[in-house]
Structures are given as C-alpha cells and as structure tokens.
C-alpha cells in the first residue's frame, strides 16, 4: 500500500468519526421559567426570591443573595417584572424600600429607601410603570387604636435615574395599581372607589364607585379591568368610559390582600379564597361567564399564593404558617396535582418567563 492510499484511509476514518460525533446534538439545559416570591416573616427581614425550572424540576433558593452577595433583607409584598426595561421591581416593607434588579440575572441595579428625614415609602404594597415613570402605592401609617392605615399615598418615581419625583396623597388606603390607556387605576381598598388618574399630568379623570374593598385588579384580553373586592364582589370595568359593566356577588374571597391572576391568553380568571391554617380554595371562571362558580377547582389547606404558568399549569403555595419554609404545588388546568417543590418562607406569588 503506497503512501497516498494510507493518507486517504486515515482521512476517511477521521471524516467518518467526525460525522458520527456531530450527529448527536447536546441536550439543551432547561431555562429558569418560574420565579417564586417568598414574602418572609414580618420583621424577620428574610424575604427572598427562588427559582424553578419546570423542564427538569430544579430549584434554587436565595437566588438574589447568591448573585449579589447580600440578601434582600426585607419582607416582600410584591414583585413585578418589566421585560421591556429588563428590570424586576421588588416592593418591600420592614424596611420600606424598592429594590430594582436585572430581569436577566437578578443583579442589583438600585435601591430606593427611606433615609433620615426623607420618607419615600410608608408600608408600600404595589407597583405600576409606564415608560420611565413608576408608581408605588403606600398604605400609610398604622393606627393602633383604630387598627387602620392612615395617610396613604402614591410615590411617583423617575425610573431613568431612580429618583422620587412626587407623592400623590390619598384619602383612603390604596392597594393595587394598574395602567390602562395611559390612565393609572388605584384600588382604594380602604373605601369603595377606584381612582383614575391621567399619567401625563396625574390629574383626576374620575372616581369609580365600587363595592367595598376594591383590591386585586387584572386586565383581560379585551382590555377590560376585573377587580376582586374584599367584600366578596367581582366587577368588570370598561376603561373606555370607566363604567362597571358587570358585577358578581357572593364571591368566595380571602377578605384581605386578594390574589387573582389570568391565564396566558387572558380569557380565564383564577382567584384564591385563603383561610389561615384551614381549607383554602382556588376558583376558575372564563371571562365570558355570566354566573360565579360555586365549586372550587383546587382545595388544599393553608394556601397563600397563586399563579398561572404560560403552559396552562396553575401554581399555588402553602405558606406553612410562616413556620419555616413553604411549598409550591403545581396543578394542571383540570385541577389535578402534577408535582410540588420547596420554596422560601411565606411564598406569596410568582413571575413566569
């Protein structure tokens, strides 16, 4: 065999080996598609964020602390993702602050907090943004005699430089916030109204009279605003004329900090009736329904948080009465449990991506 043949055989073997190894593509690592908001125990400053990969079931607790080298060190009321700005906003109390982090890797970008005589937040709860303007609802100070919050307000923020621009006073405790058609909707859960402000100048557009305790708001695929009230009423608002076009009474609710979400197509509502340490229920209703459901989709003890994954699964949390870490349970759209996994203390909600 001459040298040319030997070289040709070697070259052929190398090429065959290369072809054989390249036909087996590497398995893609499942993406982190679930962020769990762990409220933490009040005044213990142990609120945290954890992540879950539905593709392989992996969980990581304390993602913010690992990435940044320091904890959130607060009680987390709500967390909002603004993917267009590549940011996550965590609204916390004990201490009162707004923690801003990267949507991609959870790295800390800024912290807006109270400093000395400068009070930016007083028991902050919810967040909404339009462009470079953010709004945070504040319950105000707690009156131990009347057991009510007083002097609530809205903090307005320039998100371009993370500075406070103004405070909008309220006459009752403000709760959830939503921006629709360039208007800011404020659920005045301490009363019976929803305030509508023009975000261009913060001037009042109108006050919508509602059943008592308007609380959680979501916006459906038709751009209609659904409001779950602590008084056990569910209403639908048309933001074109700011009128209530549907009211459902005798709704099973928690009576405080209501939890309600929409599915990914925004045509199905889920809400939680949470009873501390007892049987809790998740109800489901299509936005076209004319009657309220009487049978729960999910029943489980001590439910506290609620979420709807884009794949159709429903996520609920067991707070474990804040006695140590809680747990997340995953159900399919028919209400059958699929899996469960551990979370931090007091899991109260989710971000899906």
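Each reported figure results from applying straightforward, stated rules to the coordinates on display, with no laboratory input. Predicted, not measured: the structure shown is a model, and the values here were computed from it. Cβ: placed from backbone, ideal geometry, glycine included. Neighbour counts: every protein chain shown.
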Region 257-353, relative contact order in percent, only Cα pairs under 8 angstrom and at least six apart counted: 21
Ratio of Rg to Rh over region 257-353 (Cα coordinates, Kirkwood Rh, two decimals): 0.95
Sorted by Cβ neighbour density within 10 Å, fewest at the top, the residues 208, 37: 208, 37
Neighbour-count order for 34, 59, 180, fewest beta carbons within 10 angstrom listed first: 59, 180, 34
Cα coordinate range in region 46-134, projected on the principal axes (Å, largest first): 48, 30, 20
Proxy reagent accessibility, fewest Cβ within 10 Å first, across 203, 330: 203, 330
Added length on full extension, which subtracts the Cα-Cα distance from 0.36 nm per residue, residue 117 to residue 202: 28.1 nm
Cα-based Rg / Dmax (Å) for region 172-219: 10.0, 29
Region 301-348: relative contact order in percent, alpha carbon pairs under 8 Å with at least 6 residues between: 34
Set of region 250-289 residues, backbone N closer than 19 Å to the point 7 Å along the Cα-Cβ line of residue 301: 273-282
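Hey, what number do you get for the chain at 222 nm if only DSSP H runs of n ≥ 4 count, each worth -39500 (n - 2.57), divided across all residues, to the nearest 500? List each step's numbers first, then the result.
Details: 2 runs with 26 residues, N = 353.
Helix contribution divided over all residues of the chain: -2500 deg cm²/dmol.
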Region 142-244, Cα convex hull volume normalised per residue, Å³: 109
Computed over the chain: relative contact order in percent, which uses C-alpha pairs under 8 Å that are six or more apart: 11
Separation of the residue 102 and residue 33 label points, Cα + 7 Å toward Cβ, nm: 2.4
Shape metrics for the chain, restricted to C-alpha atoms - Rg then Dmax, Å: 24.1, 103
